1. Just grab the label-to-label distance for residue 106 and residue 66, each label 7 Å out from Cα along the Cβ direction, in nm (one decimal).
2. Grab the beta carbon distance between residue 88 and residue 125, set R0 = 30 Å, and tell me the FRET efficiency rounded to 0.05.
3. Suppose each label sits 7 Å from its Cα in the direction of the beta carbon; what would the residue 52-residue 25 distance come out to in nanometres?
4. Nearest 10 degrees, 0 to 90: what angle lies between the long axis of helix 6-39 and the longest principal axis of the chain (Cα atoms)?
5. Modelled label-to-label distance, residue 15 and residue 133, 7 Å Cα→beta-carbon offset: nm?
6. Would you mind computing the Rg to Rh ratio of the chain from its alpha-carbon coordinates, Kirkwood style for Rh?
7. Please work out the FRET efficiency for the pair residue 35 and residue 145, using the Cβ-Cβ distance as r and a Förster radius of 22 Å; give the result to the nearest 0.05.
């Protein structure tokens, strides 16, 4: 028969509590990151609203890329949000300027290719051109119908 000392039982209980606390903290961290990722709502701005933008105004759009000129411009079809992960194509097309200093989130410059889905935060310039301030690569996270 194996007998355990009270000190050994106490150490076992402490380890169980510590491991349970670690598991809980891991779960909460994963949940927070998932909520953060889902919270990056990829909004669309209707193409009819874009001509109304004044210089300095901001727009958030989602594009399915049809042309990419590295560190210069992106062209694509506007997408409209159906659910958090499903978008559908609209007849609108749009061109957005960007450069090498434009931050690309959840991806890298090589992820900007034909067919890629991107969420772009942009500002209207005085010349009537949208200039990207941030690009979020959504390819692999969303589906286009």
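Values quoted throughout were computed directly from the atomic coordinates according to the rules given, and no laboratory measurement underlies them. Note that the coordinates shown come from a computational prediction; the quantities given were computed from them, not determined experimentally. Cβ sites come from the backbone with ideal geometry, for glycine too, and all protein chains shown count toward neighbours.
1. A separation of 2.4 nm, rounded to one decimal place.
2. 0.55
3. Once both label points are built, they end up 5.0 nm from each other.
4. 10 degrees
5. That separation, rounded to one decimal, is 5.3 nm.
6. Working: Rg = 23.4 Å, Rh = 17.8 Å.
The Rg/Rh ratio comes out at 1.32.
7. Details: r = 25 Å, r/R0 = 1.14.
After rounding, the FRET efficiency stands at 0.30.
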